[in-house]
There are 4 protein chains.
Amino acid sequence: MTTITLEAATQMIAATTAYGVEHGLKPLSVIVLDAGGHPIAFARANDTSPARYAIAHGKAYGAVMMGMSGTTLNTMAKERPEFITALNTALGGTVVPVQGGVLVKGADGKVIGAMGVTGDTSENDADAGQAGVIAAGFTPEI
Amino acid sequence: MTTITLEAATQMIAATTAYGVEHGLKPLSVIVLDAGGHPIAFARANDTSPARYAIAHGKAYGAVMMGMSGTTLNTMAKERPEFITALNTALGGTVVPVQGGVLVKGADGKVIGAMGVTGDTSENDADAGQAGVIAAGFTPEI
Amino acid sequence: MTTITLEAATQMIAATTAYGVEHGLKPLSVIVLDAGGHPIAFARANDTSPARYAIAHGKAYGAVMMGMSGTTLNTMAKERPEFITALNTALGGTVVPVQGGVLVKGADGKVIGAMGVTGDTSENDADAGQAGVIAAGFTPEI
Amino acid sequence: MTTITLEAATQMIAATTAYGVEHGLKPLSVIVLDAGGHPIAFARANDTSPARYAIAHGKAYGAVMMGMSGTTLNTMAKERPEFITALNTALGGTVVPVQGGVLVKGADGKVIGAMGVTGDTSENDADAGQAGVIAAGFTPEI
């Protein structure tokens, strides 16, 4: 299985942030997790709130642990709240089921990690993350 | 009291998985718990997400700890969310009250354990688990 | 990176158990975790205590999360208890730093998962696990 | 109050890592926390174990939350284990009281954050972190 190197994760964060600047988004904070849900790299934008780590992590963690994008998790959270609430608790209360959790897939289509992006609207967060994943040569699912 | 042996648990998992293959379901991950809610056996399907253990466990654990099937717990979670949320917290946050939690009963009708099945829709998970329990000579309640 | 399939994990558990029978050990319970510390397969021996899952998991989880064998973790726990106690707490209290946590390495020497074995003395647990890892064509570190 | 910008945190991580390379240390993983104990930036070295985030975070978090370096906390953990254990519990179980937690001070001597470094011996981790803090123009306390 392909793994995300620190260099690739750093590139993904830089490209996500650059997308945000180009499109006039609010400052973005970004995390990259490996296939097991463990952090590879994180960067919090200057002058943003202390919860940015928890939000970015929660978006990415839910995605990689479930193998579902933030968009899919968000739909599920609305349709089956009793499942997502229970899942979140079972996973230690760290899932944030909203857009901005972006699956990262390798050339064979397998999930190799996830990004979590936070700072602007959830939709814009997801779009920025998508750009970041593509910049590193991987396939995003937002 | 009849107990579920490791051999029976292994058979239940194999039959559940086989049901999934026969019916074209997505790959299923399956756990078998004893009457005290403790794991006997678990198998995660290849290339499925890391949360599969937590979900399978949560479905089975809720069933055996409450003596209620996943279907019953899911109905209760929708009708009395304040109770299921509190129950979940009291049980350490490990209950996933959805279909796919299958009670396993012995010849005298007593609960001797539970299966948790996850991978396809919750309804299909429950049907597959039902087939697995029957294959081992026990009585399921889905 | 090589990954451990369910078939390989099942083979590792069977070979570990067979080693125990051949050498007259007490019944062994065995777990196999992936590189991210998530369960692939578990089997609890008949008529063993409910904590077997927690012990097997804790041995394997400490090994894979730290990239160290149970033997190394056990030495560290004796020499630097303040570190291992804190590490254990930081990892959710699920590390059991004793022998029987066996690293599983692929052909390139990278850690691809871990086994946790429990039931006999910790030394014998580790030897049995070593045999199980080798049987599946991987390289153990006990 | 002086704050650590993302640019400064990134520089601190790069200089810490470079120190490790120059001195032949094992690959280092590094976190930078702000004065409130919240992550600014993190980087995990390639092919290091999943627990690196938890360890780096725990070293830095203990330092900044107590206003004490990892060396001081480690001495305290040995002399007054009942206090550090209780403190750790009170802080959510995330303090790792060993060397490699480095206080970051501004020109007026006030604590503005902390670094957590992990990968080699704790002493070497601390020395590398010291170099990283100095490189960014701040004053370290190891």
- If you average the sequence gap of Cα pairs under 8 Å that are 6 or more apart and divide by the length of the range D:8-85, what percent do you get for the contact order? 21 percent
- Message: With the crude spin-label approximation of a point 7 Å out along Cα→Cβ, what separation in nm comes out for B:A107 versus C:T5?
- Response: 4.0 nm
- Task: Evaluate the relative contact order of the range C:47-122 (contact order divided by residue number), counting alpha-carbon pairs under 8 angstrom at least 6 apart; express in whole percent.
- Result: 41 percent
- Of the residues C:D120, C:D47, C:D34, which exhibits the maximal mean-square fluctuation in a Gaussian network model of chain C defined by a 10 Å Cα contact cut-off? C:D47
- Using only alpha carbon pairs under 8 Å that are at least six residues apart, calculate the relative contact order of chain B and give it in whole percent. 30 percent
- Note on the structure: In whole percents, the bins of 5 Å from zero upward hold the Cα-Cα pairs of the range B:30-83 as 4, 19, 25, 21, 16, 11, 3, 1
- For the protein assembly as shown, go through all pairs of different Cα atoms, get the mean of 1/r, take its inverse, and jot down that Kirkwood value in Å. 24.1 Å
- Query: Under a plain spin-label model, where a point goes 7 Å from the Cα along Cα-to-Cβ, how far apart in nm are D:K26 and D:D47?
  - Reply: 1.3 nm
- Query: Taking the simple approach of a point 7 Å from Cα along Cα-to-Cβ for both A:T139 and B:T89, what is their distance in nm?
  - Reply: 4.3 nm
- Query: What value, in deg cm²/dmol to 500, does the helix sum -39500 (n - 2.57) over DSSP H runs of n ≥ 4 give at 222 nm once divided by the residues of chain A?
  - Reply: -15000 deg cm²/dmol
- Which single residue of chain A puts its beta carbon nearest to the axis of rotation relating A to C, and what distance, in whole Å, does that give? A:G36, 1
- Rounded to the nearest 5, the percent of antiparallel DSSP beta bridges in the protein assembly as shown equals 100 percent
- Query: What do you get when you divide the Cα radius of gyration of the range A:90-137 by 2.2 N^0.38 Å, with N the number of residues?
  - Reply: 1.22
- Compare C:G129, C:G119, C:G109 in a GNM of chain C, Cα atoms joined below 10 Å, and give the one with the largest fluctuation. C:G109
- Calculate I(q)/I(0) for the range D:1-42 by the Debye formula, one identical point scatterer on each C-alpha and no solvent, and give its log10 at q = 0.27, 0.33 Å⁻¹ to two decimals. -0.89, -1.10
- Task: Anything over 28 Å Cα to Cα? Flag those among A:K26/A:K78; C:K59/C:K105; B:K59/C:K26, in the order listed.
- Result: B:K59/C:K26
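Once you have the Kirkwood Rh of the range A:6-141 from its Cα pairs, apply Stokes-Einstein at 25 °C and 0.890 mPa s and quote D in µm²/s.
173 µm²/s
Any read-out appearing in this document is the output of simple, stated calculations on the displayed coordinates, not a laboratory observation. All values derive from a computational prediction rather than experimental measurement. Heads up, the Cβs are rebuilt from the backbone with ideal geometry, glycines too, and the neighbour counts pull from every protein chain shown.
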